[in-house]
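Asker: Below is a structure I'd like to ask you about.
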Amino acid sequence: MVATERIVDATTAARVRVNHGAQPPDESEVAEVARELRELAEGLRASDTLVEVRADLPGDDERALAPLRQEVAAARAVASPVTPRG
């Protein structure tokens, strides 16, 4: 639940940054984040057992969606199972 709140907050912050003059994200960047969110949601709905997912969203750390990409990656990492250390 906390991860979802952080994603919403990061989305709102991105919109505010753009409204205050930051460069809007490219359509491809928006599409990539949306795809990651859909995959996260589908994975959580489809399984009682967590499965590992890719949690790397490449992109420019100075762009408006950088904090959102970080929060989505963090949510995906939290939703992945813990790998036992051997």
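No lab work stands behind these numbers, since they all come straight from the coordinates. Bear in mind that the values here come from a model prediction, so they are computed numbers and not experimental data. FYI the Cβ positions are ideal-geometry reconstructions off the backbone, even for glycines, and counts take in every protein chain you see.
Asker: What distance in nm separates the two pseudo spin-label positions at VAL78 and ALA22, each 7 Å out from Cα along the beta-carbon direction?
Answerer: A separation of 2.0 nm, rounded to one decimal place.
Asker: Still on this model: Report the full-extension gain for the segment GLU62 to ALA3: residue separation times 0.36 nm, less the Cα-Cα distance, to one decimal in nm.
Answerer: Taking 0.36 nm per residue and subtracting the Cα distance, the gain is 19.1 nm.
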